[in-house]
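Chemist: Provided herewith is a single structure, encoded as structure tokens, for subsequent inquiry.
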Amino acid sequence: MYNRLLPGRKGLTVEFIQGVETFIQVASQLPSFQFDKMFRCPCLKHKNLAFLKPDDVKLDLYRRGFLPNYWIWTSHGEYEPHRDAHAGSSTAYEIFDEDAHSELSIEVRMLSIKTEYNMSRDCFNDFIGLMKKTNPVGNLIPLDLYRTKKLVSKLGLNATKIDCYINGCMLYYKDDATEVFYRTCNAPEFKSNSRKQRRPKKDASYSCLFYLPIISRLQRLYASMSLAGHMR
């Protein structure tokens, strides 16, 4: 943890100012900087998503500091050191812990498997519960589907569910969001429920699609030095 402010918040520490100067010098050597004289701002606000001039980046870092845990400048030319998963002790826990799996990567992969094989909630919870119990104590496997989705949702990569006509020729979206019948043939949006239920269930549409906003996804791809070069 670096010390940015002097006691009493009366100014910036010499250590922090020197660290910012070193960062500016390193970032200014990037090939992309030679082209447009700008690089990503790693301050607490911009989080490597905005490209600014060096002086503006310096001011932002003075005001807000670096984003948390940005010790290796992966968005500014540095690479994380390779770790040998089998170095040192060979206990099962250390092999599991040193492998290149974070809690987030595990949960994203689990959700991908659930979608690919159309697993029900109960099936997913039983499967992930078995993995949790049979792996070493302290593993990063989530407890259930609810906790899995809760963590992944923090990425901010939300999807919007939109009902559509069964043939896909009309979307119940924007100006048509309040419609419940297809305007051409008057076909209903929702399936009819002929069975009597003790508790009324939410209407189920005949068909739907998911809209995935592309801007936030592209921003995260360009924020990675290892992926940005492949985006051109």
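Each reported figure results from applying straightforward, stated rules to the coordinates on display, with no laboratory input. Computed from a predicted model, the values in this text were never measured in an experiment. Neighbour counts are summed over all protein chains in view; Cβ atoms, including those assigned to glycine, are modelled from backbone coordinates with ideal geometry.
Chemist: Give me TYR117, TYR206, TYR172 ranked fewest to most by other Cβ atoms within 10 Å of their Cβ, as a rough exposure proxy.
Modeler: Taking fewest neighbouring Cβ atoms as first place, the list is TYR117, TYR206, TYR172.
Chemist: For the stretch 31-57, list residues with backbone N below 20 Å from a point placed 7 Å from the Cα of THR22 toward its Cβ?
Modeler: Flagged as within label range: 40-44, 54-55, 57.
Chemist: Output the pairs from LYS114/LYS161; LYS114/LYS150; LYS10/LYS37; LYS47/LYS154; LYS114/LYS149; LYS47/LYS174 with a Cα-Cα distance over 23 Å in this structure; if there are none, say none.
Modeler: Those over the limit are LYS10/LYS37; LYS47/LYS174.
Chemist: Can you list the HN-Hα couplings for the stretch 23-40, worked out from phi with the Karplus curve (6.51, -1.76, 1.60; θ = phi - 60°), rounded to whole Hz and with x for Gly and Pro?
Modeler: 4, 4, 5, 5, 5, 6, 8, 5, x, 5, 5, 5, 7, 10, 6, 9, 8, 5
Chemist: Now for a different question. Starting from the Cα-Cα distance between PHE127 and LEU209, subtract it from 0.36 nm times their residue separation and give me the gain in nm to one decimal.
Modeler: The span from PHE127 to LEU209 would gain 26.8 nm if fully extended.
Chemist: Also, quick follow-up: Treat the count of other C-beta atoms within 10 Å as a stand-in for reagent exposure and order GLU107, GLU116 from fewest to most.
Modeler: GLU116, GLU107
Chemist: PHE190 to THR13: extension gain in nm, 0.36 nm per residue of separation minus the Cα-Cα distance?
Modeler: Going from the current span to full extension adds 57.4 nm.
Chemist: Which ordering of ILE215, ILE113 is given by a fewest-first count of other beta-carbon atoms within 10 Å?
Modeler: ILE215, ILE113
Chemist: Please give the contour-minus-distance gain from LEU52 to LEU227: 0.36 nm per residue of separation, less the Cα-Cα distance, rounded to one decimal in nm.
Modeler: Full-extension gain reported as 61.0 nm.
Chemist: How many nm is it between the label spots at ILE166 and SER216, if each spot is 7 Å from the Cα in line with the beta carbon?
Modeler: About 3.4 nm, to one decimal.
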